[in-house]
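Peer 1: Have a look at the structure that comes next, please.
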Amino acid sequence: MSNDRVLVGDVKVSPEHYINGQRVASASTFEDRSPLEWTTKLADVARGGSLEARAAVTAAVDAFASWAALSTTERQNYLHRLADLIDQHIEPIATVECLDMAMLLESLRLRVIGRGARNFRAYADLAVNYQPRRWDSNGTHNTVLRMPAGATVVITPWNAPFMLSTWKCAPALAAGNTVVLKPAEWSPLSCSLLMDLVDEADFPPGVFNMVQGLGEEVGAALVSDPRVRRISFTGSPETGRLIGVAAAKNLVPFTAELGGKGPFVVFADADLDLAAQKAALMYDDAGQVCLAGTRLLVQSSCRAAFLERLAAATNRHVLGDSRDPATTVSPLIHPDHLARVQGFVDRSKAQGDTLVFGGHRLQDDGLWFEPTLIEPKSNESEIVQHEVFGPVLTLQTFETEDEAVALANSTAYGLSAMVFTSDQSRADRIADGVRAGTIWVNCFLVRDLTAPFGGTGISGIGREGGDYALDFYSDVKTYQVKEDTTDG
Ligand code: NAD
């Protein structure tokens with residue numbers, strides 16, 4: 001293994017690819033900077049292209065047959081070993097991801113990185129405990145079997161890169177596939193630490209590879225390689241469309257977990273303190289959370305009471321260095337993203353929407369943006385209809401349940417929805433009417449790894465989570481045996 005490592009905080013990180021069990025450099029590199037201090041360059045990271053994509057897919061294809069031939073229990077041993085190593089390395093991984101992406105250090109330490117370990121354990125165990133469906137019909141015994149699919153490409157976004165990458169790589173590997181992971185170029189380093197642990201866990205070379213680089217270069221080369229048998233993508237709807245086209249050309253199944261514009265519906269009978277406290281959580285991590293409920297839909301009769309509570313809860317936010325435990329709102333990831341968020345807010349004001357609070361970057365030389373609330377003049381306003389992916393919420397009111405459902409369903413997205421009410425039958429009716437992959441009642445971000453996860457509309461195609469993921473990463477086949485062959 002190459003010793004060409006850079007110091008990120010106090011952690012040594014390889015800026016190179018990991019292909020066929022080896023660190024591999026590229027002729028060119030790209031700069032990776034820290035959102036906490038944009039003048040700080042963290043690393044010159046290997047900038048892969050078609051050469052590296054081809055090498056990584058070749059490694060994954062070559063390693064496939066023997067990995068697929070292992071029993072699920074043998075693969076479980078590898079995945080558990082990796083999970084244990086992640087648990088032992090939470091501190092360095094959290095440190096690097098905090099510097100690289102600016103997610104809050106406390107939450108990385110306490111929740112997010114450990115979830116990576118849980119992903120590997122959960123899918124390894126699910127694969128082992130799988131009970132094939134068996135039934136008899138028309139004189140035959142029928143069984144549904146899963147076959148590993150082949151080399152799998154996983155492409156992930158810059159927010160929560162470690163956790164989101166493990167969420168997809170774990171079921172792919174547990175199902176018997178080999179993997180090429182491409183992390184996002186704005187936060188590439190924590191996944192490099194994952195590859196160190198893959199190496200330490202003694203995975204056979206080629207089973208789990210990673211290439212670094214830009215989406216339109218190495219990413220595009222990976223998804224168009226005809227030897228790839230599954231593509232799993234998380235990112236924006238725009239890129240999702242491009243990847244869908246590449247997958248269609250090779251007739252390769254793909255899943256896409258895309259953007260969101262979740263409705264956050266508050267009825268007058270709700271616990272308004274709870275609802276306001278959860279709504280203010282949407283500003284955490286600078287609102288760079290796909291599942292966030294960014295459209296506050298509030299019953300007219302409780303608008304004033306809810307708004308007062310939301311303003312108070314928002315005032316308790318502390319914008320600051322993500323390493324400081326007192327900080328609750330981190331900076332945005334990149335100056336280009338800051339400009340994008342500011343652009344949304346400026347256009348919204350120019351088009352006649354009302355700025356209730358926030359609306360500005362915090363200081364000239366940092367990437368912090370104030371928690372912002374906008375009352376749009378119409379449901380057609382750009383700020384209501386498009387994902388901002390920053391600390392920007394909109395507030396609209398409704399009178400009836402039907403109106404709430406109609407507003408909730410009035411964008412092209414359908415990833416998540418939140419409903420706050422003390423009336424369970426009302427919650428059931430709303431959940432029935434709202435188009436979204438996940439609906440939370442009186443809560444937010446509660447996850448069960450065996451539950452399906454994904455979006456409708458432009459929020460995604462396909463479902464991952466539990467057996468849904470293992471089915472996606474397998475070729476499912478039907479096996480039929482005639483009970484009695486005497487009658488032909
Ligand atoms: P993005 O679409 O710009 O990039 C995502 C990944 O795709 C990156 O690794 C990028 O390098 C790669 N990529 C870009 N062009 C490519 C191409 N032509 N071919 C192959 N790969 C290419 O998204 P982003 O800005 O990194 O992430 C933010 C978006 O991700 C938001 O829309 C957010 O809502 C969404 N997201 C969704 C979920 C979910 O689970 N639904 C989770 C997190 C983020």
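Peer 1: Go through segment 394-488 and tell me which strands (runs of 3 or more DSSP E), entirely inside it, have 3 or more residues that are small (Gly, Ala, Ser) and open to solvent by 60 Å² or more (accessible area, probe 1.4 Å). Show your work before the answer.
Peer 2: On the way: elements: 416-420, 438-441, 474-482.
Counting at least 3 such residues, we get no strands (runs of 3 or more DSSP E) at all.
Peer 1: Take the conditions surrounded by fewer than 24 Cβ atoms within 10 Å (Cβ to Cβ), closer than 20 Å to Leu164 by Cα and within 16 Å of the ligand (Cβ to nearest atom) and apply them to Leu291. Does it pass? Let's see the steps before the verdict.
Peer 2: Details: surrounded by fewer than 24 Cβ atoms within 10 Å (Cβ to Cβ): yes; closer than 20 Å to Leu164 by Cα: yes; within 16 Å of the ligand (Cβ to nearest atom): yes.
Considered against the rule, which asks whether it is surrounded by fewer than 24 Cβ atoms within 10 Å (Cβ to Cβ), closer than 20 Å to Leu164 by Cα and within 16 Å of the ligand (Cβ to nearest atom), Leu291 comes out as yes.
Peer 1: Now, a different point. Within segment 373-382, restricting attention to residues that are of a type outside the set (Gly, Ala, Ser) and either crowded, with 22+ Cβ neighbours inside 10 Å or farther than 24 Å from His317 by Cα (or both), which residue is farthest from the ligand (Cβ to nearest atom)? Write out each step before concluding.
Peer 2: Pass one, segment 373-382, residues of a type outside the set (Gly, Ala, Ser): 373-377, 379-380, 382.
Going one step further and asking which of them are either crowded, with 22+ Cβ neighbours inside 10 Å or farther than 24 Å from His317 by Cα (or both), we end up with 373-374, 377, 379-380, 382.
Details: Leu373: 20, Ile374: 19, Lys377: 25, Asn379: 21, Glu380: 21, Glu382: 16 Å.
Here the residue is Lys377.
Peer 1: Next up: Suppose we keep only residues that are surrounded by 14 or more Cβ atoms within 10 Å (Cβ to Cβ) and within 16 Å of the ligand (Cβ to nearest atom) within segment 336-355. Which one would you say is farthest from the chain's Cα centre (by Cα)?
Peer 2: That would be Phe344.
Peer 1: Is it true that some residue in segment 304-316 is open to solvent by 10 Å² or more (accessible area, probe 1.4 Å) and either of a type in the set (Ser, Thr, Tyr) or not in a helix (DSSP H, G or I) (or both)?
Peer 2: The answer is yes, given that some residue of segment 304-316 is open to solvent by 10 Å² or more (accessible area, probe 1.4 Å) and either of a type in the set (Ser, Thr, Tyr) or not in a helix (DSSP H, G or I) (or both).
Peer 1: Out of curiosity, is Ser26 among the polar types (S, T, N, Q) and touching a strand residue (DSSP E or B) at 6+ places or on another chain (Cβ under 6 Å)? Spell out how you get there, then give the answer.
Peer 2: Details: among the polar types (S, T, N, Q): yes; touching a strand residue (DSSP E or B) at 6+ places or on another chain (Cβ under 6 Å): yes.
Yes.
Peer 1: Would you check which residues across segment 249-280 are closer than 24 Å to Gln385 by Cβ and not in a loop (DSSP other than H, G, I, E, B) and list them?
Peer 2: Ala256, Glu257, Pro263, Phe264, Val265, Val266, Ala275, Lys278, Ala279, Ala280
Peer 1: List the number of the failed condition for Arg241; all other conditions in (1) near the ligand (Cβ under 10 Å from one of its atoms); (2) open to solvent by less than 40 Å² (accessible area, probe 1.4 Å) hold.
Peer 2: Exception for Arg241: condition (2).
Peer 1: All but one of (1) open to solvent by 30 Å² or more (accessible area, probe 1.4 Å); (2) under 20 Å from Leu194 (Cβ atoms) hold for Glu106, so report the exception by its number.
Peer 2: (2)
Peer 1: Quick test for you: out of Glu403, Glu382, Glu399, pick the one residue that is of a type in the set (D, E, K, R) and either within 20 Å of Asp346 (Cβ to Cβ) or outside the structural domain of Val289 (by TED's automatic domain parsing) (or both).
Peer 2: Details: Glu403 fails: either within 20 Å of Asp346 (Cβ to Cβ) or outside the structural domain of Val289 (by TED's automatic domain parsing) (or both); Glu399 fails: either within 20 Å of Asp346 (Cβ to Cβ) or outside the structural domain of Val289 (by TED's automatic domain parsing) (or both).
Result of the check over Glu403, Glu382, Glu399: Glu382.
The rows are residues; the columns are (1) within 30 Å of Leu194 (Cα to Cα); (2) under 17 Å from the mean Cα position of the chain (by Cα); (3) among the aliphatic types (A, V, I, L, M).
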{"site": "Ala127", "(1), (2), (3)": "yes, no, yes"}
{"site": "Asp136", "(1), (2), (3)": "no, no, no"}
{"site": "Leu145", "(1), (2), (3)": "no, no, yes"}
{"site": "Ser165", "(1), (2), (3)": "yes, yes, no"}
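Peer 1: Checking the conditions here, which among Thr40, Thr58 is of a type in the set (Val, Ile, Thr) and surrounded by 15 or more Cβ atoms within 10 Å (Cβ to Cβ)? Even if it seems obvious, please write down each step before you answer.
Peer 2: Working: Thr40 fails: surrounded by 15 or more Cβ atoms within 10 Å (Cβ to Cβ).
Going through Thr40, Thr58 in turn, just one is of a type in the set (Val, Ile, Thr) and surrounded by 15 or more Cβ atoms within 10 Å (Cβ to Cβ): Thr58.
Peer 1: Scan segment 131-145 for residues that are open to solvent by 100 Å² or more (accessible area, probe 1.4 Å) and over 17 Å from Lys482 (Cβ atoms) and jot them down. Walk me through it before giving the result.
Peer 2: Pass one, segment 131-145, residues open to solvent by 100 Å² or more (accessible area, probe 1.4 Å): 131, 133-134, 138.
Correct list: Gln131, Arg133.
Peer 1: Only residues that are farther than 24 Å from Ala174 by Cβ, free of Cβ contacts under 8 Å to residues at least 40 places away in the same chain and not hydrophobic (A, V, I, L, M, F, W, C): list them for segment 77-106, please. Before the answer, list the steps.
Peer 2: Residues of segment 77-106 that are farther than 24 Å from Ala174 by Cβ, as a first pass: 91-92, 94-96, 98-106.
Next, from what is left, pick out any that are free of Cβ contacts under 8 Å to residues at least 40 places away in the same chain: 91, 94.
The one that is farther than 24 Å from Ala174 by Cβ, free of Cβ contacts under 8 Å to residues at least 40 places away in the same chain and not hydrophobic (A, V, I, L, M, F, W, C): Glu91.
Peer 1: Continuing with the same structure: Residues being open to solvent by 50 Å² or more (accessible area, probe 1.4 Å) and either small (Gly, Ala, Ser) or within 9 Å of the ligand (Cβ to nearest atom) (or both): count how many of those fall in segment 244-255.
Peer 2: Of all residues in segment 244-255, those open to solvent by 50 Å² or more (accessible area, probe 1.4 Å) come to 245, 248-249, 251, 253.
Filter once more, keeping what is either small (Gly, Ala, Ser) or within 9 Å of the ligand (Cβ to nearest atom) (or both): 248.
Summing the residues that are open to solvent by 50 Å² or more (accessible area, probe 1.4 Å) and either small (Gly, Ala, Ser) or within 9 Å of the ligand (Cβ to nearest atom) (or both) in segment 244-255 gives 1.
The values are calculated or read from the model by the stated rules, or taken from the named source; none is laboratory data. Given the structure is predicted, the values throughout are model-derived calculations rather than measurements. When we count neighbours, we look across all protein chains shown, and the Cβ atoms used for this are built from the backbone with ideal geometry, even at glycine. Note: accessible area is taken over every heavy atom of the protein model, side chains too, but ligands, DNA and RNA are not part of it. Shrake-Rupley method; radii C 1.70, N 1.55, O 1.52, S 1.80 Å.
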